[in-house]
Amino acid sequence: MTHKLTYGAILRLFLPLSLSDVIMVIAGPILTIGLTKLANPETSLAAYSVAQNVAIFLESPIIMLLHASNLLSRHPETWRPLRHFMLWANAVLTVLYALLAFTPAYDWIFRGALGQPDAIADAARPAFQAMLLWPAAIGWRRYYQGLLIIHRRSSLVAYAGFARIGSLALVTLLGVLGRAHGATVAGVALVVSVIVEAAAVTWLARPILKSGVADPGARAPEWAPRTIGQIALWYWPLAMTQILVTVVRPLINGGIARSVDPELGLAAWPVAWSTILMVANAVRMVQQVALTLLQDRQSYLMLRRFTLAAGLIACGVMALLAGTPLGLGYMEWVLGLKGGLSSVAAAAIPALSLGVLFPLYTALQNWLQALLMKDGRTLMVNAGAIVGGAVTMVAVYAGALIWRLPGAQLGIASLLCGGAVELVWLTLASRPQRRAWLAAR
């Protein structure tokens, strides 16, 4: 499938994918608003948060199926083995989830390893159990999203995203009206919404499934795995990359807890981080665009310019939030940080200033990772995440114990340090790929 690439074609593929990523960020505020209207909101919010964090950790190995589907589903030799791999991976993660949710392992994890008080562990249990199908639904939808993307039907991915957020809002509203248990409402809303999205992308992909998923004329590259076992070995570094990201970012809280005024820092950090992430997520899908559209030297140059432009535009949005009243207004009127919570908003604003460059890092990271994935070099992607994660951990604890940085600023500064080192690694690792694309005709 070869197409003459234009910037219009890039935008048509990118914008719906960017919108779908931003839509996902809205789920958190919707659930938070709902839980604050039910009994024991503090306990419910804490229980929902810890249950979701563990569920996301269990889900993390399957996240990169989107990338695998984008790369492998286009080839006749690889798309069927990948689908079988997806089904097996979903089954394994579901069994693992059930073992944690319905056996004494739950108490070992939530009360022992995570040290949650009894009230929060008890409230989180039904929410966590309700999310049993969460990893499998995520894996299924990521696989089918990849099919839609490689066939340039990214608008359908956004439509499914709207179905997800709409169903989440509806279940949350019904839970509030029925005065249900807060954390359980959140768990049910989350799992129902992702199942609805998975069903939506499957239904929207029907024309592709009928006409043929793979391109009969597309020959798989030599590095492409062709059996379930080969796919598992090739996919493992991608899974470990996402697991590492999932582990490192919560550990930042440990450093913030040792910083100046830790209570304020721990309150301000998620506010600042969610705001930065909302903007940065808008450019993350440059990776899927590159995996789909990169064909020759011309497309390489166009996509490189597009990545830089997207990252810089997102940085401009961050600059507006950090340097004008928009950021404080968003925190006060959208997030509700007014009155007694104004100090949290004030502590988060300086972190936004440090985070101005984070969207550009996100765009460049995803671009360079795409170049490596396109050549099958998943180990280099994983190595970059390991190096960046290690530097992030060193930076967050050094910043807390030596330089005594305030919590929210410490969080984003440590991520930027790790991100800078990861970019250097990815730049060096992808040099052969960049040279090859520049030499291509």
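The values are calculated or read from the model by the stated rules, or taken from the named source; none is laboratory data. A quick note: this is a predicted structure, and the numbers were derived from the prediction, not measured. Positions of Cβ are generated from backbone atoms using ideal geometry, with glycine treated the same way; all protein chains shown enter the neighbour counts. What goes into the accessible areas is simple: the full protein's heavy atoms, side chains included, and nothing from ligands, DNA or RNA. Shrake-Rupley method; radii C 1.70, N 1.55, O 1.52, S 1.80 Å.
Between residues in region 301-316 that are more than 20 Å from Ser430 (Cβ to Cβ) and residues that are open to solvent by 30 Å² or more (accessible area, probe 1.4 Å), which pairs lie under 7 Å by C-beta distance while being six or more apart or on different chains?
Here the result reads Leu312/Leu360; Cys315/Val356; Cys315/Leu357; Cys315/Leu360, each pair linking region 301-316 to a residue that is open to solvent by 30 Å² or more (accessible area, probe 1.4 Å).
Looking at region 383-431 only, could you name the residues that are crowded, with 21+ Cβ neighbours inside 10 Å and farther than 14 Å from Ile252 by Cβ?
Of everything in region 383-431, those that are crowded, with 21+ Cβ neighbours inside 10 Å and farther than 14 Å from Ile252 by Cβ turn out to be Gly384, Ala385, Glu422, Leu426, Ser430.
Quick check on region 10-44: of everything there that is aliphatic (A, V, I, L, M) and open to solvent by less than 20 Å² (accessible area, probe 1.4 Å), which residue is farthest from Ala290 (Cα to Cα)? Before you say what the answer is, go through the steps one by one.
Going through region 10-44, the residues aliphatic (A, V, I, L, M) turn out to be 10-11, 13, 15, 17, 19, 22-27, 30-31, 33, 35, 38-39.
Pick out the ones that are also open to solvent by less than 20 Å² (accessible area, probe 1.4 Å) and you get 10, 13, 17, 23, 27, 31, 35, 38.
Working: Ile10: 9, Leu13: 10, Leu17: 12, Ile23: 21, Ala27: 27, Leu31: 33, Leu35: 39, Leu38: 44 Å.
In this case the residue turns out to be Leu38.
Filter region 347-382 down to the residues that are open to solvent by 20 Å² or more (accessible area, probe 1.4 Å) and among the β-branched types (Val, Ile, Thr) and list them by number.
Ile349, Val356 - these are the residues of region 347-382 that are open to solvent by 20 Å² or more (accessible area, probe 1.4 Å) and among the β-branched types (Val, Ile, Thr).
Would you mind stating whether Ala218 is surrounded by fewer than 19 Cβ atoms within 10 Å (Cβ to Cβ) and touching a Pro at 6+ places or on another chain (Cβ under 8 Å)?
Yes.
Out of curiosity, is Leu96 farther than 30 Å from Ala220 by Cα and in a helix (DSSP H, G or I)?
Taking the combined requirement at face value, the residue satisfies it.
In region 221-260, what residues are open to solvent by less than 10 Å² (accessible area, probe 1.4 Å) and part of a loop (DSSP other than H, G, I, E, B)?
Hits for region 221-260 are Ala224, Pro225, Ser259.
Confirm whether Ile120 is at pLDDT 95 or above and in a helix (DSSP H, G or I). Full working, then the answer.
Working: at pLDDT 95 or above: no; in a helix (DSSP H, G or I): yes.
It is false that Ile120 is at pLDDT 95 or above and in a helix (DSSP H, G or I).
Going by the conditions given, is Ala47 in contact with a helix residue (DSSP H, G or I) (Cβ under 6 Å, 6 or more places away or on another chain), modelled with pLDDT under 95 and more than 19 Å from Asn281 (Cα to Cα)?
It is true that Ala47 is in contact with a helix residue (DSSP H, G or I) (Cβ under 6 Å, 6 or more places away or on another chain), modelled with pLDDT under 95 and more than 19 Å from Asn281 (Cα to Cα).
Given the conditions (1) assigned to a helix (DSSP H, G or I); (2) within 25 Å of Val289 (Cα to Cα); (3) among the β-branched types (Val, Ile, Thr); (4) at pLDDT below 95, and given that Ile138 satisfies all but one, which numbered condition is not satisfied?
(4)
Matching residues to (1) in contact (Cβ under 8 Å) with a residue 40 or more places away in the chain; (2) open to solvent by 60 Å² or more (accessible area, probe 1.4 Å); (3) farther than 30 Å from Asp215 by Cα:
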site	(1), (2), (3)
Ala98	no, no, yes
Ala105	no, no, yes
Gly112	no, no, yes
Asp118	no, yes, yes
Ala130	yes, no, yes
Leu133	yes, yes, yes
Gln145	yes, no, no
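Output the residues belonging to region 313-358 that are closer than 27 Å to Glu422 by Cβ and among the polar types (S, T, N, Q).
The one that is closer than 27 Å to Glu422 by Cβ and among the polar types (S, T, N, Q): Ser353.
Among the listed residues Gly336, Gly340, identify the single one that is over 24 Å from the mean Cα position of the chain (by Cα), closer than 22 Å to Leu264 by Cβ and not in a helix (DSSP H, G or I).
The unique qualifying residue is Gly336.
Please determine, by comparing only the residues of region 65-96 that are open to solvent by 30 Å² or more (accessible area, probe 1.4 Å) and modelled with pLDDT under 95, which one is nearest to Met373 (Cα to Cα).
Arg74
Can you say whether Gly265 is in contact (Cβ under 8 Å) with a residue 40 or more places away in the chain, in contact with a strand residue (DSSP E or B) (Cβ under 8 Å, 6 or more places away or on another chain) and open to solvent by less than 10 Å² (accessible area, probe 1.4 Å), as far as the supplied structure shows?
Here the answer is yes, as Gly265 does meet what is asked.
Working only within region 378-425, note down all residues that are hydroxyl-bearing (Ser, Thr, Tyr) and farther than 14 Å from Gly355 by Cα. Full working, then the answer.
Filtering region 378-425 down to residues hydroxyl-bearing (Ser, Thr, Tyr) leaves 378, 392, 397, 414.
Listed by number, the residues that qualify are Thr378, Thr392, Tyr397.
Report yes if Leu303 is in a helix (DSSP H, G or I), at pLDDT 95 or above and open to solvent by 10 Å² or more (accessible area, probe 1.4 Å), otherwise no.
No: the conditions fail for Leu303.
With respect to Thr392, determine if the residue is modelled with pLDDT of 90 or more, among the polar types (S, T, N, Q) and over 24 Å from Ala347 (Cα atoms). Talk me through it step by step, then tell me what you get.
On the way: modelled with pLDDT of 90 or more: yes; among the polar types (S, T, N, Q): yes; over 24 Å from Ala347 (Cα atoms): no.
Spelling it out, it is not the case that Thr392 is modelled with pLDDT of 90 or more, among the polar types (S, T, N, Q) and over 24 Å from Ala347 (Cα atoms).
List, please: which pairs have Cβ atoms under 7 Å, are six or more places apart or on different chains, and start with a residue in region 415-436 that is over 18 Å from Ala280 (Cα atoms) and aliphatic (A, V, I, L, M) and end with one that is in a helix (DSSP H, G or I) and open to solvent by 50 Å² or more (accessible area, probe 1.4 Å)?
Ala429/Met380
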